[in-house]
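Below is one structure, written out as structure tokens; comments come after it.
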Amino acid sequence: MAKFLNSSGTTYHLEELIKNASDRLIIISPYLKLNERIKELLEDRNRLKIDIRIVYGKNDLHPEEINWLKNLTFIRTSFCKNLHAKCYLNENECIITSLNLYEFSQVNNNEMGVLIYRNEDAKLYADTYEESQRIIRISDEVRMSLEKIIEPSNSVDNNLSSESASQVPTETNSAKPTEVATSNYSKLTTAKFAKELGFKTQELNEKLLAAGYLQEQEGELILTDAGRAAGGTSKRGKFGEFCLWDSGMVI
């Protein structure tokens, strides 16, 4: 029989669910932001070569966390547009809850959840598992990467200055791998990024459209959520909206 969980109960059983996974682990949460305890548990499951799937709708990881995650070879991450569900599942039980993974939610918020045991509610568990598989199927699998950035020169492209940072985390769509080798790493306009890759701007726009990073609306190219997750940023200039891209991203 399904069991009701309050805030502390949800946190406890979520940790137990991850810790007891011996075959598979599915984590579906809108925000990809992990506290230290969850990271510790995921590291342990990775050492045991457990198949782990994480589906998220927004990435709030810091560069050091990106670097940590990309080294866990048995964890696969996927981006799902418009994701709001929170569901955590291993081969024996699952939790459907309001609880996000990040620590603030576990410490400050009032949460509720339902714990479902496979051996007691087989149909309910099966329905939850099937829906989690559907969400995985409609999601785009991405590969985490972290690029070091060299301060760019003072070059100007189309009267727009490049933005830079000391480190930029990026996510790349593993289904469409095109390796990129650039002379420096920074936030680049589409025209500058195309030049770095040896493409014409139109050719790069077509690739970004095909990858789902851009979409056409009323004759304009608009940055999508997948494009933001991959490293794109939408800015407004004197001539309207434009996009900046991490020069180390893979298309």
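I'd like to know if region 79-99 contains one or more residues that are in a strand (DSSP E or B), at negative phi, of a type in the set (Ser, Thr, Tyr) and in contact with a Pro (Cβ under 7 Å, 6 or more places away or on another chain).
We begin by selecting, within region 79-99, every residue in a strand (DSSP E or B); these are 79, 87-90, 93-97.
Adding the requirement that they be at negative phi leaves 79, 87-90, 93-97.
Now restrict to residues that are of a type in the set (Ser, Thr, Tyr): 88, 97.
Filter once more, so that each one left must be in contact with a Pro (Cβ under 7 Å, 6 or more places away or on another chain): none.
Within region 79-99, not a single residue is in a strand (DSSP E or B), at negative phi, of a type in the set (Ser, Thr, Tyr) and in contact with a Pro (Cβ under 7 Å, 6 or more places away or on another chain).
What are the residues in region 131-159 that are modelled with pLDDT under 90, not in a loop (DSSP other than H, G, I, E, B) and not β-branched (Val, Ile, Thr), if any?
Restricting attention to region 131-159, the residues satisfying the condition of being modelled with pLDDT under 90 are 140-159.
Narrowing further to those that are not in a loop (DSSP other than H, G, I, E, B): 140-148, 156-157.
Asp140, Glu141, Arg143, Met144, Ser145, Leu146, Glu147, Lys148, Asp157, listed by residue number.
Asn119: surrounded by fewer than 15 Cβ atoms within 10 Å (Cβ to Cβ) and under 20 Å from Glu141 (Cα atoms), yes or no? Before you say what the answer is, go through the steps one by one.
Details: surrounded by fewer than 15 Cβ atoms within 10 Å (Cβ to Cβ): yes; under 20 Å from Glu141 (Cα atoms): no.
No, not satisfied.
Being touching a His at 6+ places or on another chain (Cβ under 8 Å), at pLDDT 95 or above and in a strand (DSSP E or B) is the requirement here; does Ile116 meet it?
Spelling it out, it is not the case that Ile116 is touching a His at 6+ places or on another chain (Cβ under 8 Å), at pLDDT 95 or above and in a strand (DSSP E or B).
If Thr128 satisfies every condition in (1) modelled with pLDDT under 50; (2) surrounded by 19 or more Cβ atoms within 10 Å (Cβ to Cβ); (3) not in a strand (DSSP E or B) but one, which is the exception?
The failed condition is (1).
May I ask you to list the residues in region 22-64 that are among the hydrophobic types (A, V, I, L, M, F, W, C) and more than 26 Å from Glu130 (Cα to Cα)?
Taking region 22-64 and keeping what is among the hydrophobic types (A, V, I, L, M, F, W, C), we get 25-28, 32, 34, 38, 41-42, 48, 50, 52, 54-55, 61.
Within region 22-64, just Leu61 meets the criteria.
For region 25-49, which residues satisfy the criterion of being at pLDDT below 95 and of a type in the set (Val, Ile, Thr)?
The answer is Ile38, and nothing else.
Looking at (1) surrounded by fewer than 14 Cβ atoms within 10 Å (Cβ to Cβ); (2) of a type outside the set (Lys, Arg); (3) modelled with pLDDT of 80 or more, which one does Phe104 not meet, given that it meets all the others?
Of everything listed in (1) surrounded by fewer than 14 Cβ atoms within 10 Å (Cβ to Cβ); (2) of a type outside the set (Lys, Arg); (3) modelled with pLDDT of 80 or more, Phe104 misses just condition (3).
Mind checking which pairs have a first residue in region 118-140 that is in contact (Cβ under 8 Å) with a residue 24 or more places away in the chain and a second that is among the hydrophobic types (A, V, I, L, M, F, W, C) and assigned to a helix (DSSP H, G or I), Cβ under 7 Å, 6 or more apart or different chains?
As it stands, the answer is Asp140/Ala226, since those pairs meet every condition given.
Could you tell me which of the residues Arg76, Arg24, Arg53, Arg47 is in contact (Cβ under 8 Å) with a residue 60 or more places away in the chain, farther than 24 Å from Asp121 by Cα and among the basic types (Lys, Arg)? Lay out the reasoning, then the answer.
Details: Arg24 fails: farther than 24 Å from Asp121 by Cα; Arg53 fails: farther than 24 Å from Asp121 by Cα; Arg47 fails: in contact (Cβ under 8 Å) with a residue 60 or more places away in the chain.
Going through Arg76, Arg24, Arg53, Arg47 in turn, just one is in contact (Cβ under 8 Å) with a residue 60 or more places away in the chain, farther than 24 Å from Asp121 by Cα and among the basic types (Lys, Arg): Arg76.
For (1) within 20 Å of Thr97 (Cβ to Cβ); (2) part of a helix (DSSP H, G or I); (3) in the same structural domain as Thr11 (by TED's automatic domain parsing), each residue gets a yes or a no:
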site	(1), (2), (3)
Leu34	yes, no, yes
Arg37	yes, yes, yes
Glu40	no, yes, yes
Glu43	no, yes, yes
Asn46	no, yes, yes
Ile66	no, yes, yes
Leu69	no, yes, yes
Leu72	no, no, yes
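Is at least one residue of region 58-78 closer than 25 Å to Asp225 by Cα, among the basic types (Lys, Arg) and loosely packed, with under 14 Cβ neighbours inside 10 Å?
No, the conditions are met nowhere in region 58-78.
In contact (Cβ under 8 Å) with a residue 24 or more places away in the chain and over 23 Å from Asp127 (Cα atoms): which single residue out of Leu32, Leu17 fits that description?
Working: Leu17 fails: over 23 Å from Asp127 (Cα atoms).
Residue meeting the stated conditions: Leu32.
Which of the residues belonging to region 65-89 are of a type in the set (Lys, Arg) and farther than 17 Å from Glu141 by Cβ?
Lys86, the sole residue that qualifies.
The values are calculated or read from the model by the stated rules, or taken from the named source; none is laboratory data. In this text, all values refer to a predicted model and were calculated from it rather than measured experimentally. Counting neighbours? That spans all protein chains shown, and the Cβs are built from the backbone with ideal geometry, glycine included.
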